[in-house]
1. Roughly speaking, to the nearest percent, how much of the chain's 1.4 Å accessible area is carbon and sulfur?
2. With labels modelled as points extended 7 Å from the Cα through the Cβ direction, what inter-label distance (nm, one decimal) is found for A187 paired with R70?
3. Where Lys and Arg each count +1 and Asp and Glu each count -1, what net charge lies around T106 among other residues with Cβ under 12 Å from its Cβ?
4. Summing -39500 (n - 2.57) over the DSSP H runs of n ≥ 4 in the chain and dividing by its residue number, what mean residue ellipticity at 222 nm do you reach, to the nearest 500 deg cm²/dmol?
5. Have a look at segment 210-278 and give its Rg and Dmax from the Cα atoms, expressed in angstrom.
6. Beyond 24 Å, what share of the Cα-Cα pairs of segment 8-293 is found? Please give it as a whole percent.
7. Rounded to the nearest 20 Debye, what is the dipole magnitude of the chain about its Cα centre when Lys and Arg each give +1 and Asp and Glu each give -1 at the C-beta?
8. Checking the a/c ratio against 1.5 first, then a/b against b/c, what shape does the Cα gyration tensor give for segment 57-169?
Amino acid sequence: MRQPGPWTHRDLAANGARFHIAELGSGPLVLLVHGWPEYWWAWRHQLTALAEAGYRAVALDLRGIGGSDRTPRGYDPGNLALDITGVIRSLGEPRAHLVGHASGGTLAWVAAVMRPSVIQSLTVVSAAHPRDLRRALLTDRRQFAAFEHVLGFQRPWIPERRLVAEDAALVGRYLAEWTGPNGLDEAAVHAYRQAIQIPSTAHCSIEPYRWLMRSMARPDGIQFARRMKKPITAPTLHVQGAADPVLLSHTALGGGEYVAAPYRWRLLPGVGHFPHEEVPEQFTAELLDWVGRHKE
């Protein structure tokens, strides 16, 4: 999972685990956090563009995925967000521009609430604010149906077996169904199908989704939702594909309600669940403009 390129691969320790990163460039830190079923390589386009623009670009493998540790526990959003802020500290930086996609975007929202002093700017891609997502899953039949795969993840062991069966054919199907007209290239689909087959990855990668659904009525889930009422003080760029069939655009709309700082909403026509890969040039232009506005 350490594809060669202009970047450097290395491991570092944070929050009681070991994390793999790919790093390129020097300057203000931009930390890129992938979603499911991707890993650090999802940000290959942005790594090079950010480095060329004068940034230290770092793409992280989340706990349980890619080259990072597969721990037996620690997949609740609070702990995963501390992984992210811990990595920023381990990189020797006091602050970072944080970019997160899908489940990584959810964690970006959480990190900005839990450790506001560490987040210089926030870019959230294909991810509703956690309170908006919770509300939609409880009240919106369309969004509930769009999360059909997440509901399937709630069974024990069967989802893991299905995800890796037939060379991870199900992951390939998800990737095809979740993109807009541009789709993903064959090399990317192959890479993500291979990544999910690394032992324990299928299990670890869906544990956050199990927490999401099972915590709805539990005290820890209710407490988390209350904590997420806290206003976000980082300037926030919120990017959403209009054709995203997983996180519906009307679910994502409204995240600015929780941001007590500059907030920009960008809805990309004809784009699905993976804007950073489907339209990399357009997405990267938005990202570079945003972080450039909030360097200081």
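The values are calculated or read from the model by the stated rules, or taken from the named source; none is laboratory data. Model, not experiment: these values are computed from the prediction. Here the Cβ is made from the backbone with ideal geometry for all residues, glycine too, and neighbour counts use every protein chain on show. Note: areas computed on protein heavy atoms with side chains; ligands, DNA, RNA excluded. Shrake-Rupley method; radii C 1.70, N 1.55, O 1.52, S 1.80 Å.
1. Working: 6290 of 11750 Å².
Heavy-atom surface of the chain belonging to carbon and sulfur, 1.4 Å probe: 54 percent.
2. For A187 paired with R70, the spin-label model returns 2.6 nm.
3. Numbers: positive: R131, R134; negative: D76, D132.
Summing Lys and Arg as +1 and Asp and Glu as -1 gives 0.
4. Values: 13 runs with 133 residues, N = 296.
Calculated mean residue ellipticity at 222 nm is -13500 deg cm²/dmol.
5. Rg, Dmax (Cα atoms, Å): 14.4, 39.
6. Details: 18397 of 40755 pairs.
So the portion of pairs separated by more than 24 Å is 45 percent.
7. Working: 32 positive and 28 negative charges, 242 e Å.
Approximately 1160 debye in magnitude.
8. Details: a/c = 2.28, a/b = 1.36, b/c = 1.68.
Judged from the Cα gyration tensor, segment 57-169 comes out oblate (a/c at least 1.5, b/c at or above a/b).
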